[in-house]
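Asker: One structure coming up, written as C-alpha coordinates, with questions to follow.
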Amino acid sequence: MRTAYITHASSLRHEMGQGHPECAQRVSVIGDRLLAKGLLDFVEAFDATPASEEQLMRAHEARHVAELRARAPREGFVAIDPDTAMNPHTWEAALHAAGAVVQATELVVRGGFKRAFCNVRPPGHHAERGQAMGFCFFNNVAIGIRHALDVLGLQRVALIDFDVHHGNGSEDILAGDERVLMVSTFQSRLYPFSGETPRAANMRNVALAPYSTGDALRRAVIEQWSPALRAFDPQMIFISAGFDAHRDDDMSQLGWSDQDYGWVTQRIVEIADECAQGRIVSTLEGGYDLPALARSAELHLRALLGID
Ligand SMILES: [Zn+2]
(Lines give C-alpha, C1' and ligand atoms only; values in the text may rest on other atoms or scores of the structure.)
Protein backbone atom coordinates (compact mmCIF):
# COMPACT_ATOMS: atom_id res chain seq x y z
CA MET A 1 0.00 0.00 0.00
CA ARG A 2 1.51 3.33 -1.05
CA THR A 3 1.02 6.39 1.16
CA ALA A 4 1.95 9.92 0.16
CA TYR A 5 3.28 12.53 2.61
CA ILE A 6 3.00 16.05 1.26
CA THR A 7 4.47 19.20 2.77
CA HIS A 8 6.12 22.43 1.61
CA ALA A 9 8.74 24.87 2.90
CA SER A 10 6.30 27.78 2.57
CA SER A 11 4.32 26.26 5.46
CA LEU A 12 7.28 27.23 7.67
CA ARG A 13 7.46 30.85 6.43
CA HIS A 14 3.86 31.95 6.96
CA GLU A 15 3.58 33.61 10.39
CA MET A 16 0.82 35.67 12.00
CA GLY A 17 2.83 37.45 14.69
CA GLN A 18 4.97 36.65 17.71
CA GLY A 19 3.39 34.14 20.07
CA HIS A 20 0.53 33.23 17.73
CA PRO A 21 -0.58 29.64 18.45
CA GLU A 22 -0.98 28.78 14.74
CA CYS A 23 2.79 28.81 14.24
CA ALA A 24 5.31 27.24 11.90
CA GLN A 25 6.55 24.87 14.60
CA ARG A 26 3.26 22.97 14.30
CA VAL A 27 4.36 21.56 10.95
CA SER A 28 7.98 21.06 11.96
CA VAL A 29 7.23 19.16 15.19
CA ILE A 30 5.02 16.73 13.26
CA GLY A 31 7.70 16.23 10.61
CA ASP A 32 10.41 15.78 13.26
CA ARG A 33 8.33 13.25 15.19
CA LEU A 34 7.50 11.19 12.09
CA LEU A 35 11.18 11.18 11.14
CA ALA A 36 12.36 10.24 14.65
CA LYS A 37 9.84 7.39 14.83
CA GLY A 38 10.93 6.02 11.46
CA LEU A 39 7.52 6.55 9.90
CA LEU A 40 8.82 8.53 6.96
CA ASP A 41 10.38 5.26 5.77
CA PHE A 42 6.84 4.03 5.09
CA VAL A 43 5.70 6.97 2.96
CA GLU A 44 6.68 8.63 -0.30
CA ALA A 45 7.34 12.32 0.30
CA PHE A 46 6.26 15.09 -2.08
CA ASP A 47 6.70 18.85 -2.18
CA ALA A 48 3.30 20.43 -2.56
CA THR A 49 2.46 22.09 -5.85
CA PRO A 50 0.51 25.38 -5.67
CA ALA A 51 -3.21 25.41 -6.35
CA SER A 52 -4.30 27.20 -9.52
CA GLU A 53 -6.95 29.94 -9.44
CA GLU A 54 -9.29 27.58 -11.24
CA GLN A 55 -8.84 25.01 -8.46
CA LEU A 56 -9.37 27.63 -5.72
CA MET A 57 -12.53 28.88 -7.37
CA ARG A 58 -14.21 25.48 -7.20
CA ALA A 59 -14.69 26.33 -3.51
CA HIS A 60 -14.30 30.11 -3.36
CA GLU A 61 -15.69 33.26 -4.92
CA ALA A 62 -13.38 34.93 -7.43
CA ARG A 63 -13.63 38.12 -5.33
CA HIS A 64 -12.20 36.28 -2.29
CA VAL A 65 -9.19 35.01 -4.22
CA ALA A 66 -8.53 38.44 -5.74
CA GLU A 67 -8.87 40.24 -2.40
CA LEU A 68 -6.43 37.96 -0.60
CA ARG A 69 -3.93 38.30 -3.41
CA ALA A 70 -4.27 42.09 -3.29
CA ARG A 71 -3.95 42.30 0.51
CA ALA A 72 -0.78 40.17 0.76
CA PRO A 73 1.89 42.48 2.22
CA ARG A 74 5.42 43.04 0.91
CA GLU A 75 6.59 43.40 4.51
CA GLY A 76 5.12 43.22 8.01
CA PHE A 77 1.62 41.94 8.72
CA VAL A 78 -1.86 42.70 7.43
CA ALA A 79 -4.76 41.77 9.74
CA ILE A 80 -7.63 39.84 8.13
CA ASP A 81 -9.54 39.38 11.38
CA PRO A 82 -8.50 39.69 15.06
CA ASP A 83 -6.92 36.20 14.93
CA THR A 84 -5.80 35.95 11.31
CA ALA A 85 -3.04 37.85 9.55
CA MET A 86 -0.94 37.68 6.39
CA ASN A 87 2.82 38.11 6.18
CA PRO A 88 4.84 38.25 2.93
CA HIS A 89 4.85 34.42 2.73
CA THR A 90 1.19 33.76 3.52
CA TRP A 91 -0.07 33.90 -0.05
CA GLU A 92 2.48 31.33 -1.22
CA ALA A 93 1.82 29.09 1.80
CA ALA A 94 -1.95 29.26 1.31
CA LEU A 95 -1.62 28.32 -2.37
CA HIS A 96 0.60 25.35 -1.48
CA ALA A 97 -1.61 24.16 1.40
CA ALA A 98 -4.61 24.05 -0.94
CA GLY A 99 -2.48 22.61 -3.74
CA ALA A 100 -1.23 19.85 -1.43
CA VAL A 101 -4.76 18.51 -1.00
CA VAL A 102 -5.42 18.68 -4.76
CA GLN A 103 -2.15 16.83 -5.37
CA ALA A 104 -3.01 14.26 -2.68
CA THR A 105 -6.37 13.72 -4.33
CA GLU A 106 -4.72 13.16 -7.71
CA LEU A 107 -2.24 10.68 -6.21
CA VAL A 108 -4.97 8.70 -4.48
CA VAL A 109 -7.54 8.66 -7.28
CA ARG A 110 -5.24 8.03 -10.22
CA GLY A 111 -1.65 7.94 -9.03
CA GLY A 112 -1.47 4.49 -7.48
CA PHE A 113 -1.60 5.71 -3.87
CA LYS A 114 -4.15 4.59 -1.32
CA ARG A 115 -3.60 7.18 1.39
CA ALA A 116 -2.13 10.66 1.67
CA PHE A 117 -1.35 12.95 4.60
CA CYS A 118 -0.78 16.66 4.02
CA ASN A 119 1.38 18.24 6.73
CA VAL A 120 0.74 21.83 5.68
CA ARG A 121 -0.46 25.17 6.98
CA PRO A 122 -2.30 27.53 6.98
CA PRO A 123 -5.23 25.29 7.89
CA GLY A 124 -8.49 25.64 5.97
CA HIS A 125 -11.74 24.47 7.51
CA HIS A 126 -12.90 27.89 8.78
CA ALA A 127 -12.45 29.56 5.36
CA GLU A 128 -15.84 30.17 3.77
CA ARG A 129 -16.63 30.74 0.10
CA GLY A 130 -16.02 34.46 0.48
CA GLN A 131 -14.34 34.87 3.85
CA ALA A 132 -10.94 34.12 5.41
CA MET A 133 -11.21 33.68 9.18
CA GLY A 134 -10.01 31.66 12.17
CA PHE A 135 -6.38 31.22 10.97
CA CYS A 136 -7.69 29.98 7.55
CA PHE A 137 -7.46 31.59 4.09
CA PHE A 138 -8.50 28.93 1.55
CA ASN A 139 -10.52 25.84 2.43
CA ASN A 140 -7.89 23.28 1.50
CA VAL A 141 -10.04 20.19 2.04
CA ALA A 142 -13.07 21.58 0.18
CA ILE A 143 -10.85 22.49 -2.76
CA GLY A 144 -9.57 18.89 -2.83
CA ILE A 145 -13.10 17.52 -2.58
CA ARG A 146 -14.33 19.64 -5.48
CA HIS A 147 -11.32 18.48 -7.51
CA ALA A 148 -12.27 14.86 -6.84
CA LEU A 149 -15.87 15.49 -7.89
CA ASP A 150 -15.60 18.04 -10.69
CA VAL A 151 -12.32 17.01 -12.31
CA LEU A 152 -11.75 13.36 -11.44
CA GLY A 153 -15.39 12.36 -11.80
CA LEU A 154 -16.09 10.84 -8.40
CA GLN A 155 -19.77 10.89 -7.46
CA ARG A 156 -19.76 10.49 -3.67
CA VAL A 157 -17.09 11.60 -1.21
CA ALA A 158 -17.19 11.93 2.56
CA LEU A 159 -15.54 14.59 4.71
CA ILE A 160 -14.75 13.73 8.32
CA ASP A 161 -13.78 16.68 10.53
CA PHE A 162 -12.64 15.91 14.09
CA ASP A 163 -11.09 19.30 14.84
CA VAL A 164 -12.41 20.70 18.14
CA HIS A 165 -13.85 23.71 16.29
CA HIS A 166 -16.79 23.39 13.95
CA GLY A 167 -15.74 23.45 10.29
CA ASN A 168 -18.00 26.35 9.39
CA GLY A 169 -16.15 27.03 6.16
CA SER A 170 -16.45 23.48 4.90
CA GLU A 171 -20.15 23.54 5.80
CA ASP A 172 -20.60 26.89 4.03
CA ILE A 173 -19.04 25.52 0.85
CA LEU A 174 -20.42 21.97 0.89
CA ALA A 175 -23.90 22.29 2.47
CA GLY A 176 -26.47 21.16 -0.06
CA ASP A 177 -23.90 19.48 -2.34
CA GLU A 178 -25.50 16.04 -2.36
CA ARG A 179 -22.31 14.45 -3.68
CA VAL A 180 -20.74 15.08 -0.26
CA LEU A 181 -21.52 13.79 3.23
CA MET A 182 -19.78 15.80 5.96
CA VAL A 183 -19.64 14.31 9.45
CA SER A 184 -18.03 16.16 12.30
CA THR A 185 -17.50 16.46 16.01
CA PHE A 186 -16.69 19.73 17.74
CA GLN A 187 -17.01 21.30 21.16
CA SER A 188 -20.30 23.10 21.67
CA ARG A 189 -20.35 26.83 22.45
CA LEU A 190 -16.81 27.29 21.18
CA TYR A 191 -15.47 29.34 18.23
CA PRO A 192 -16.93 29.80 15.59
CA PHE A 193 -20.19 29.24 17.51
CA SER A 194 -21.85 27.45 14.59
CA GLY A 195 -22.82 23.91 13.67
CA GLU A 196 -25.27 22.98 16.40
CA THR A 197 -28.03 23.31 13.79
CA PRO A 198 -26.77 21.79 10.51
CA ARG A 199 -27.34 23.93 7.42
CA ALA A 200 -28.34 21.05 5.13
CA ALA A 201 -29.24 17.37 5.11
CA ASN A 202 -25.73 16.34 3.98
CA MET A 203 -24.23 17.55 7.28
CA ARG A 204 -24.00 15.32 10.38
CA ASN A 205 -22.82 17.64 13.12
CA VAL A 206 -22.18 16.22 16.58
CA ALA A 207 -21.61 18.89 19.22
CA LEU A 208 -19.71 17.57 22.25
CA ALA A 209 -20.10 18.97 25.75
CA PRO A 210 -17.20 20.94 27.24
CA TYR A 211 -15.08 18.76 29.58
CA SER A 212 -16.21 15.53 27.91
CA THR A 213 -13.50 12.99 27.04
CA GLY A 214 -12.70 10.69 24.14
CA ASP A 215 -15.56 8.45 25.26
CA ALA A 216 -17.98 11.02 23.82
CA LEU A 217 -16.05 10.97 20.54
CA ARG A 218 -16.17 7.18 20.45
CA ARG A 219 -19.92 7.17 21.05
CA ALA A 220 -20.43 9.75 18.27
CA VAL A 221 -18.37 7.67 15.86
CA ILE A 222 -20.12 4.39 16.65
CA GLU A 223 -23.67 5.70 16.93
CA GLN A 224 -23.73 8.56 14.42
CA TRP A 225 -20.83 8.76 12.00
CA SER A 226 -20.41 5.10 11.13
CA PRO A 227 -24.05 4.34 10.17
CA ALA A 228 -24.30 7.58 8.17
CA LEU A 229 -21.03 6.93 6.35
CA ARG A 230 -21.84 3.31 5.53
CA ALA A 231 -25.29 4.30 4.22
CA PHE A 232 -23.72 7.00 2.06
CA ASP A 233 -21.12 4.55 0.70
CA PRO A 234 -18.41 7.10 -0.23
CA GLN A 235 -15.91 6.43 -3.02
CA MET A 236 -13.25 8.37 -1.13
CA ILE A 237 -12.83 9.88 2.34
CA PHE A 238 -11.25 13.22 3.23
CA ILE A 239 -10.21 14.04 6.79
CA SER A 240 -9.93 17.50 8.34
CA ALA A 241 -7.41 16.36 10.94
CA GLY A 242 -7.41 18.83 13.80
CA PHE A 243 -5.74 17.75 17.02
CA ASP A 244 -6.97 20.54 19.30
CA ALA A 245 -9.52 18.45 21.24
CA HIS A 246 -6.50 16.96 23.04
CA ARG A 247 -6.58 17.28 26.83
CA ASP A 248 -3.24 19.14 26.76
CA ASP A 249 -4.49 21.72 24.23
CA ASP A 250 -5.47 25.06 25.80
CA MET A 251 -7.65 25.97 22.83
CA SER A 252 -10.57 23.85 24.09
CA GLN A 253 -12.01 22.07 27.10
CA LEU A 254 -12.25 18.58 25.59
CA GLY A 255 -10.16 15.78 27.07
CA TRP A 256 -9.10 13.49 24.24
CA SER A 257 -5.92 11.39 24.58
CA ASP A 258 -3.26 10.55 22.00
CA GLN A 259 -4.89 7.12 21.66
CA ASP A 260 -8.27 8.61 20.79
CA TYR A 261 -6.73 10.00 17.58
CA GLY A 262 -5.39 6.57 16.69
CA TRP A 263 -8.76 4.98 17.48
CA VAL A 264 -10.86 7.36 15.40
CA THR A 265 -8.45 7.03 12.48
CA GLN A 266 -8.66 3.22 12.66
CA ARG A 267 -12.47 3.42 12.45
CA ILE A 268 -12.17 5.72 9.40
CA VAL A 269 -9.72 3.30 7.78
CA GLU A 270 -12.19 0.42 8.30
CA ILE A 271 -14.95 2.34 6.55
CA ALA A 272 -12.62 3.43 3.75
CA ASP A 273 -11.55 -0.18 3.22
CA GLU A 274 -15.20 -1.31 3.07
CA CYS A 275 -16.62 1.44 0.87
CA ALA A 276 -13.88 3.43 -0.79
CA GLN A 277 -11.11 1.04 -1.88
CA GLY A 278 -9.21 2.34 1.14
CA ARG A 279 -8.86 5.82 -0.35
CA ILE A 280 -8.17 8.51 2.28
CA VAL A 281 -6.74 12.02 2.00
CA SER A 282 -6.05 13.65 5.37
CA THR A 283 -4.95 17.22 5.90
CA LEU A 284 -3.81 19.09 9.00
CA GLU A 285 -6.21 21.59 10.56
CA GLY A 286 -5.78 22.67 14.23
CA GLY A 287 -3.69 21.41 17.15
CA TYR A 288 -1.72 23.90 19.23
CA ASP A 289 -0.01 22.06 22.09
CA LEU A 290 3.11 21.11 20.20
CA PRO A 291 4.06 17.86 22.01
CA ALA A 292 0.45 16.59 22.01
CA LEU A 293 0.06 17.59 18.36
CA ALA A 294 3.18 15.65 17.34
CA ARG A 295 2.20 12.51 19.29
CA SER A 296 -1.40 12.57 18.08
CA ALA A 297 -0.41 13.11 14.45
CA GLU A 298 2.00 10.18 14.78
CA LEU A 299 -0.82 7.88 15.90
CA HIS A 300 -3.05 9.26 13.14
CA LEU A 301 -0.42 8.44 10.51
CA ARG A 302 0.29 5.03 12.01
CA ALA A 303 -3.40 4.19 11.66
CA LEU A 304 -3.46 5.45 8.07
CA LEU A 305 -0.44 3.24 7.37
CA GLY A 306 -1.94 0.29 9.21
CA ILE A 307 1.09 -0.16 11.49
CA ASP A 308 1.18 -0.20 15.30
ZN1 LIG B 1 -9.54 23.91 15.65
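The values are calculated or read from the model by the stated rules, or taken from the named source; none is laboratory data. If you're wondering where the values come from, they're calculated on a predicted model, not measured in any experiment. For neighbour counting, all protein chains shown are included, and Cβ atoms are generated from backbone atoms with ideal geometry for every residue, glycine included. These area figures cover heavy atoms from the full protein model, side chains too; ligands, DNA and RNA do not enter into them. Shrake-Rupley method; radii C 1.70, N 1.55, O 1.52, S 1.80 Å.
Asker: Over all distinct alpha-carbon pairs, what is the Kirkwood Rh of the chain in angstrom?
Answerer: After inverting the mean inverse Cα-Cα distance, the result is 18.7 Å.
Asker: In nm, give the distance between the simple-model label positions of Glu44 and Phe77, each being 7 Å from the Cα along the Cα-to-Cβ direction.
Answerer: 4.0 nm
Asker: For the chain, which whole percent of the accessible surface, found with a 1.4 angstrom probe, sits on carbon and sulfur atoms?
Answerer: Answer for the chain: carbon and sulfur cover 48 percent of the accessible area.
Asker: Name the shape class, rounded, prolate or oblate, that the alpha-carbon gyration tensor gives for segment 1-50, where a ≥ b ≥ c are the square roots of its eigenvalues, rounded holds for a/c under 1.5, and otherwise prolate holds if a/b is larger than b/c and oblate otherwise.
Answerer: oblate
Asker: In the chain, which whole DSSP H runs stretch at least 18 Å along their own axis (Cα) and average 0.5 or higher on the Kyte-Doolittle scale?
Answerer: Qualifying helices: 90-110, 290-305.
Asker: Still on this structure: Charges at C-beta only: +1 for Lys and Arg, -1 for Asp and Glu. How large is the resulting dipole of segment 98-208 about its Cα centre, in Debye rounded to 20?
Answerer: Roughly 280 debye, rounded to the nearest 20.
Asker: Treating the beta-carbon of each Lys and Arg as +1 and of each Asp and Glu as -1, no other charges, what is the dipole magnitude of the chain about its Cα centre, to the nearest 20 debye?
Answerer: Computed about the Cα centre, the dipole is about 480 debye.
Asker: Moving on to the next point. Once every Cα of segment 75-223 carries one equal point scatterer and solvent is ignored, give the base-10 log of I(q)/I(0) from the Debye formula at q = 0.10, 0.16 Å⁻¹, two decimals.
Answerer: Taking Cα atoms of segment 75-223 as identical point scatterers yields -0.37, -0.93.
Asker: Identify, among Gly287, Leu40, Gly111, the residue whose Cα sits farthest towards the positive end of the charge dipole of the chain, taking +1 on the Cβ of Lys and Arg and -1 on the Cβ of Asp and Glu, with the dipole about the Cα centre.
Answerer: Gly111
Asker: May I pose another question? Can you pull the one-decimal nm distance between simple spin-label points at Glu270 and Arg230, each 7 Å off the Cα toward Cβ?
Answerer: 0.9 nm
Asker: With just the Cα atoms defining each centre, how far is segment 17-52 from segment 162-199? Give it in Å.
Answerer: 25 Å
Asker: For segment 65-218, what is the relative contact order in percent, using Cα pairs closer than 8 Å and at least 6 residues apart in sequence? Please report the intermediate quantities before stating the final value.
Answerer: On the way: 267 pairs, mean separation 24.1, N = 154.
Reported as a whole number, the value is 16 percent.
Asker: Here is a further query. Just the accessible area for Glu223, please: 1.4 Å probe, Å², rounded to the nearest 10?
Answerer: Answer for Glu223: close to 120 Å² accessible.
Asker: I've got another one for you. Pick out, from Ala93, Phe243, Gly153, the residue whose Cα sits farthest towards the positive end of the charge dipole of the chain, with +1 on the Cβ of Lys and Arg and -1 on the Cβ of Asp and Glu.
Answerer: Gly153
Asker: Hey, what did segment 171-286 get for relative contact order, percent, Cα under 8 Å, at least 6 apart?
Answerer: 25 percent
Asker: Considering only protein heavy atoms, what per residue accessible area in square angstrom results for segment 1-110 with a 1.4 angstrom probe?
Answerer: 48 Å²
Asker: If DNA, RNA and ligands are ignored and the probe is 1.4 Å, what is the ranking of Arg219, Arg121 by accessible area, most exposed first?
Answerer: Descending accessible area places them as Arg219, Arg121.
Asker: Hey, another quick one. For a quick protection proxy, order the peptides 53-63, 292-302 by their average other-Cβ count within 10 Å, most packed first.
Answerer: 292-302, 53-63
Asker: Viscosity 0.692 mPa s, temperature 37 °C: give me the Stokes-Einstein translational D for segment 37-92 in µm²/s, with Rh taken as the Kirkwood radius over C-alpha pairs.
Answerer: 238 µm²/s
Asker: Expressed as a rounded percentage, what relative contact order does segment 100-172 have, with Cα pairs under 8 Å and six or more residues apart? Could the numbers behind the result be given before it?
Answerer: Values: 92 pairs, mean separation 23.5, N = 73.
Reported as a whole number, the value is 32 percent.
Asker: Taking only protein heavy atoms and a 1.4 Å probe, what accessible area per residue, in Å², does segment 201-265 have with all protein chains in place?
Answerer: Accessible area per residue: 38 Å².
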